[in-house]
1. Among the residues of the stretch A:120-147, how many are more than 19 Å from A:Ile245 (Cβ to Cβ) and either more than 7 Å from every other protein chain (Cβ to nearest Cβ) or touching a Lys or Arg at 6+ places or on another chain (Cβ under 7 Å) (or both)?
2. Scanning the stretch B:230-257 for residues that are more than 7 Å from chain A (Cβ to nearest Cβ), polar (S, T, N, Q) and part of a loop (DSSP other than H, G, I, E, B), which turns out farthest from B:Thr211 (Cα to Cα)?
3. Given the conditions (1) more than 8 Å from chain B (Cβ to nearest Cβ); (2) in contact (Cβ under 8 Å) with a residue 40 or more places away in the chain, report the number of the one that A:Pro62 does not fulfil.
4. Check whether at least one residue in the stretch B:228-245 is modelled with pLDDT of 90 or more, more than 18 Å from A:Gly135 (Cβ to Cβ) and acidic (Asp, Glu), and report yes or no.
5. With within 22 Å of B:Val263 (Cα to Cα), among the basic types (Lys, Arg), surrounded by 14 or more Cβ atoms within 10 Å (Cβ to Cβ) and within 13 Å of chain A (Cβ to nearest Cβ) as the only criterion, which of B:Arg76, B:Arg52, B:Arg22 stands out?
6. Kindly list, by first and then second residue, each pair from a residue in the stretch A:272-296 that is within 8 Å of another protein chain (Cβ to nearest Cβ) to a residue that is exposed (fewer than 14 other Cβ atoms within 10 Å of the Cβ) and among the hydroxyl-bearing types (Ser, Thr, Tyr), limited to pairs with Cβ atoms under 9 Å and residues at least 6 apart or on different chains.
7. Every residue in the stretch B:207-232 that is among the hydrophobic types (A, V, I, L, M, F, W, C), touching a strand residue (DSSP E or B) at 6+ places or on another chain (Cβ under 7 Å) and within 15 Å of B:Arg257 (Cβ to Cβ), please.
8. Residues in the stretch B:174-206 that are touching a helix residue (DSSP H, G or I) at 6+ places or on another chain (Cβ under 9 Å), in a helix (DSSP H, G or I) and aliphatic (A, V, I, L, M): how many?
There are 2 protein chains.
Amino acid sequence: MNNEQLVLAKRPDGLPGDDVFRFEETDVKKPGENELVIESIYISVDPYMRGRMNDAKSYAKPFNIDEPLNGHVLGRVIQSNADSFKENDVVTGHLPWKKYNTIPAESVQKVASTDVPLHLYLSTLGMPGHTAYGGLLNIGKPQPGETVVVSAASGAVGSVVGQIAKIKGAKVVGIAGGPKKVKYLTEELGFDAGVDYKADDFKEKLAEALTDGVDVYFENVGGTVSDEVFKYLNRFARIPVCGTISSYNSKEDNGPRVQGQLVKSQVLMQGFLVAQFADDAEETSRQLAQWIQEGKIKSEVSIADGFDKLPEAFRNLFTGNNFGKQIVKVSDALD
Amino acid sequence: MNNEQLVLAKRPDGLPGDDVFRFEETDVKKPGENELVIESIYISVDPYMRGRMNDAKSYAKPFNIDEPLNGHVLGRVIQSNADSFKENDVVTGHLPWKKYNTIPAESVQKVASTDVPLHLYLSTLGMPGHTAYGGLLNIGKPQPGETVVVSAASGAVGSVVGQIAKIKGAKVVGIAGGPKKVKYLTEELGFDAGVDYKADDFKEKLAEALTDGVDVYFENVGGTVSDEVFKYLNRFARIPVCGTISSYNSKEDNGPRVQGQLVKSQVLMQGFLVAQFADDAEETSRQLAQWIQEGKIKSEVSIADGFDKLPEAFRNLFTGNNFGKQIVKVSDALD
């Protein structure tokens, strides 16, 4: 039986052209003990794969040159040497981009039901759906009445994010490119508003949609679209950072935007004010005083002498001319 | 009795020069019922005050032109019309920058003990200490053996952050400006390493200190120093964002760095991968399937037909030519 595979011919520079890919004829390997032969039915293409085409350390291993690309595939078993699978079982798994894969039975799972459109196992019931669900509910935590904004809103992840947010009672604003997608958000998916980031009046329309600010921003795109959304963040807003698709093919310096780094290492970054810990103030004071007494915390202080030294002492904070805490002494009364 | 106050004469452009401030003679207001007259002993100057000098909406109200600046003050009661205070009580509170303030008794608190150096109530036992404690332990959550990095490390907040991290068993790397401060970190405060961001070999020294990466980065400075630290973030690192002092006086566009916005609205931003929710995968699948069945989640799919369409389908993800989830159909076997 003839087989075909798609290999990475070279690493792309920007958007991957045809020269980045190479189709190859190959054969179908005979299955060994506990192995299956899977016929690929649907192959998923996903944005994160672009990162794997680069030779850079990240959460997913880079694709190797001259080897098949790989990702989520839905297929059917056409030959089984494993007790747990039989011919025509529908399965999903992370597999090489080949028409036929010969793999250990543990590499795939049977789908839960074949009564749904099978491509859903690569979208809403697959990795993109789980990404939307996990990121929105564990990090975004939308509350009824809050405003949830999602970028790449008509996409595989974004469309599920917005619909779950609606189920949870939030007001949902989606950002997508072009009138067709924006219309789909409000008319088909029930979003409260859609904003077209490609339109000339993007900033104005976004402002109109965000009169209540933003409580959750599900970040899929990064770049200047997100820079604009950030202006509307409400107090205690949450930003699940899923990806930054705007930068994946960019050859330009993307500026000091941190989103990509946060995703790569699954990092939590949180702005805070001391006021939010006010309930613990008494215990905090007690503990700090104890550590000072025990000699575990030392303090350096720069004391400027005299009320007239206030402006200079203030400037020292920024010039680095102070050492430790900067204070101005105004009176000798307690010396 | 003569009094003196320091008012904001005009809003600064960059580092506040002398013309931003104006000293004024004034008088001491007679205390009414339940009021106190407080003599200022120590006045705290803090970086966040720079933001209040601008006429911009933020978490703290802008200072008003021609009115006294204000902030944390330690003082003593010199006259009391309140039962709960007597002469010579040592108090702290948020007060105008005046030598003498006549204020309601509720505006100040007595200090817990006068056996410690009193300036500690404006540093380690005051707002900076509470900021360090709350941000590091609630957001940073350092674990024994982890690496904690703190910028502005010899400052009022940073020095406490590093010492608490040591108490919690972490390896601590401090970043400060100049050899004197860096030496202080390791020789006086017991940090494991200090790195001088003003030195020519900053990047090399930082790399040497961060061979184990960064698990907690307590962000005080922003700007290019932080850009460099971000390169070393470990998986599941935490970044309490306290401030970005490098930008407070900057007249230049600071680039699309988000830290300032995160602080302003106390925002949580978290990079994630679907893998971190793997324990909930079964429940996620069940819930998504139910919502699909109930018609609460709809899915759009773009299906390209044929194995040879993989490269084009992949490019569609970035050009926006797809609609919803992009999939490539490789076989008709299940049609």
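1. So the count comes out to 9.
2. Per the stated criteria, the residue is B:Ser250.
3. Of (1) more than 8 Å from chain B (Cβ to nearest Cβ); (2) in contact (Cβ under 8 Å) with a residue 40 or more places away in the chain, only one is false for A:Pro62: (2).
4. So far as the stretch B:228-245 goes, yes, one or more of its residues are modelled with pLDDT of 90 or more, more than 18 Å from A:Gly135 (Cβ to Cβ) and acidic (Asp, Glu).
5. After ruling out the rest, the residue left standing is B:Arg52.
6. Listed by first residue and then by second, the contacts come to A:Ala289/B:Ser113.
7. Across the stretch B:207-232, the qualifying residues are B:Val221, B:Val225, B:Val229.
8. 2
The values are calculated or read from the model by the stated rules, or taken from the named source; none is laboratory data. Every value quoted in this text rests on a predicted model; they were computed, and no experiment measured them. Positions of Cβ are generated from backbone atoms using ideal geometry, with glycine treated the same way; all protein chains shown enter the neighbour counts.
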